[in-house]
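Structure, as C-alpha cells:
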Amino acid sequence: MRRLGILLYSSPQEDPQIKVLQESLHELGYIEGHNISTEYRFAEGKPERLPALASELVGVKPDVLFPIGGDVAPFVSKATRTIPIVFVMSADPFKLGVVGSVARPGGNATGFTFLQDELASKRLELLKKVAPRVSRVGFLSNPDHPDNELPVAQRAATALDLGLHPVEMRGPGDLDAALRSATEASVDALYVVASRQTVASIPRIVNFATKNELPLAGGWGAWAQAGALLSYGPNVAEVMRNSAAYVDKIFQGAKPGDLPVQQPTRFELHINLRTAKLLGLSIPESLLLLADKVIE
C-alpha cells in the first residue's frame, strides 16, 4: 500500500483543492484504504506549528509528501532530503530554496507553481480594456511572498500609462491598514497578487472594492466568482489534477529531481457582468467572446 503525507496550512475541509486531488488519485486507480493510505497534518492557520507538523509527517515515512503552499513546502523540504516531495504553490520554489532550478529540480522535490511573470502585464492590460478610465491602480501584495509580479506590473503600468500604488499585506492584521492606504492614495482600481494571505481575505477585499466602486482584477476564477470584476490566471483544479499525475509517477519509481517543476501554460479569463453593471461598465463584445466564463 502506498502512503501519501499531506501538509496543509488549514484543515482539509477548508481547502477545496484537496477534493480535486483525491478524485484525481482515485481516477488513477488509488483507492483509500485499499492501495493508498493518506496521512494529513494541518496547522489550523497557525504558521508556528508548521515545523513540528512537517517533522511529524516525515516520521510517518510516507512514500510521497505533498505540501500545499509556498509558506508550507519549505518546512517539509527542510525536514527531509530523502522522501520524495510534490508541492503545489503560487510562489517561486527556486527563490524559496525548495528546488535547485525549475527545469532541473535535483534533490527530492518537484511540483507545480501557479507563478507566471507575464500574467501581471496581461491582467493590467485586461483591466484597462474593461475599465478604460482607470488611471491609478492599487497593487495589493504580500512582500514576503517570493514572486516577480511587482516589477513586471510596474513596467506594464508604464506602457499602459497607469499609475501603480503598491500596498503591502503580510498578514490578515495588515489588511485594514492596506486598504486605508489604497483609499488615501485615491486609487480607482485594485490589482491583487495571489498569496496565502490575500486569498484568505477574498471576501473582505472584494467587499471593499464593491463598496468603493473599484474595478478589481484577481489571480484566478475564485476572485471573479466572489464579485471581482475580472480574474485571469491558471485553472487551479487542473493544476491539482496534474499534481496527482506526478504523485503517481513517483509511486511508480520516477525520481522527483528528474521531473521539471511545471508552470501553467493555459489561462482562463473570467468576467463578472453583475459587477460590471454595478460599476457602470460596458464590457466589449470581443472580450466577452474571449472569456472562458461570464458570470451573469
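The values are calculated or read from the model by the stated rules, or taken from the named source; none is laboratory data. Computed from a prediction, not measured in an experiment: that's the story for all the values here. Neighbour counts are summed over all protein chains in view; Cβ atoms, including those assigned to glycine, are modelled from backbone coordinates with ideal geometry.
Does Tyr246 count as hydroxyl-bearing (Ser, Thr, Tyr), at pLDDT 95 or above and farther than 24 Å from Gly5 by Cα?
Details: hydroxyl-bearing (Ser, Thr, Tyr): yes; at pLDDT 95 or above: yes; farther than 24 Å from Gly5 by Cα: no.
The answer is no for Tyr246.
Table: residues versus (1) in contact with a Cys (Cβ under 9 Å, 6 or more places away or on another chain); (2) within 17 Å of Lys255 (Cα to Cα); (3) free of Cβ contacts under 8 Å to residues at least 40 places away in the same chain.
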site: Pro51; (1), (2), (3): no, no, yes
site: Ala54; (1), (2), (3): no, no, no
site: Val86; (1), (2), (3): no, yes, no
site: Glu125; (1), (2), (3): no, no, yes
site: Lys129; (1), (2), (3): no, no, no
site: Pro132; (1), (2), (3): no, no, yes
site: Ser135; (1), (2), (3): no, no, no
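Kindly check whether there is at least one residue in the stretch 4-23 that is modelled with pLDDT of 95 or more and farther than 27 Å from Pro234 by Cβ.
no
Here is a list: Asp147, Asp161. Which entry is modelled with pLDDT of 95 or more and either more than 30 Å from Asp258 (Cα to Cα) or buried (at least 20 other Cβ atoms within 10 Å of the Cβ) (or both)?
Values: Asp147 fails: modelled with pLDDT of 95 or more.
Just one listed residue meets the conditions, Asp161.
Residues that are of a type in the set (A, V, I, L, M, F, W, C) and either farther than 24 Å from Glu27 by Cβ or touching a Cys at 6+ places or on another chain (Cβ under 6 Å) (or both): list the strands (runs of 3 or more DSSP E) wholly contained in the stretch 221-296 that include at least 2 such residues. Before you say what the answer is, go through the steps one by one.
Values: elements: 230-234, 267-272, 293-295.
Filter on the stretch 221-296 gives 267-272, 293-295.
State all residues of the stretch 135-188 that are more than 23 Å from Asp71 (Cα to Cα), out of contact with any strand residue (DSSP E or B) (no Cβ under 9 Å at 6 or more places or on another chain) and among the aliphatic types (A, V, I, L, M); if no residue qualifies, say none.
Listed by number, the residues that qualify are Ala159, Leu160.
Considering each of Leu65, Leu25 in turn, give the residue that is in a strand (DSSP E or B) and either free of Cβ contacts under 8 Å to residues at least 24 places away in the same chain or under 17 Å from Gly111 (Cβ atoms) (or both). Step through it out loud before you land on a result.
Details: Leu25 fails: in a strand (DSSP E or B).
Of the residues listed, the single one that is in a strand (DSSP E or B) and either free of Cβ contacts under 8 Å to residues at least 24 places away in the same chain or under 17 Å from Gly111 (Cβ atoms) (or both) is Leu65.
Return the pair list, or none, for Cβ contacts closer than 6 Å from residues in the stretch 146-170 that are outside any helix (DSSP H, G or I) to residues that are of a type in the set (S, T, N, Q) and surrounded by fewer than 18 Cβ atoms within 10 Å (Cβ to Cβ), at least 6 apart or on different chains.
Once the first residue is outside any helix (DSSP H, G or I) and sits in the stretch 146-170, its partners that are of a type in the set (S, T, N, Q) and surrounded by fewer than 18 Cβ atoms within 10 Å (Cβ to Cβ) give Leu164/Gln154.
Here are some conditions: (1) more than 27 Å from Leu273 (Cα to Cα); (2) within 15 Å of the chain's Cα centre (by Cα); (3) in the same structural domain as Asn272 (by TED's automatic domain parsing); (4) not small (Gly, Ala, Ser). Pro172 meets all but one. Which one does it not meet?
Looking at each condition in turn, Pro172 falls short on (2).
Going through the stretch 178-206 one residue at a time, which ones are farther than 20 Å from Ala153 by Cα, at pLDDT below 95 and either among the aliphatic types (A, V, I, L, M) or outside the structural domain of Thr275 (by TED's automatic domain parsing) (or both)?
Result: Ala200, Ile202.
Determine whether the stretch 82-92 contains at least one residue that is modelled with pLDDT under 95, in the same structural domain as Tyr9 (by TED's automatic domain parsing) and surrounded by fewer than 24 Cβ atoms within 10 Å (Cβ to Cβ). Don't jump to the end; show me each part of the working.
Of the residues in the stretch 82-92, the ones modelled with pLDDT under 95 are 89-92.
In the following step, the residues that additionally are in the same structural domain as Tyr9 (by TED's automatic domain parsing) were identified as 89-92.
Filter once more, so that each one left must be surrounded by fewer than 24 Cβ atoms within 10 Å (Cβ to Cβ): 92.
The answer is yes; a qualifying residue exists.
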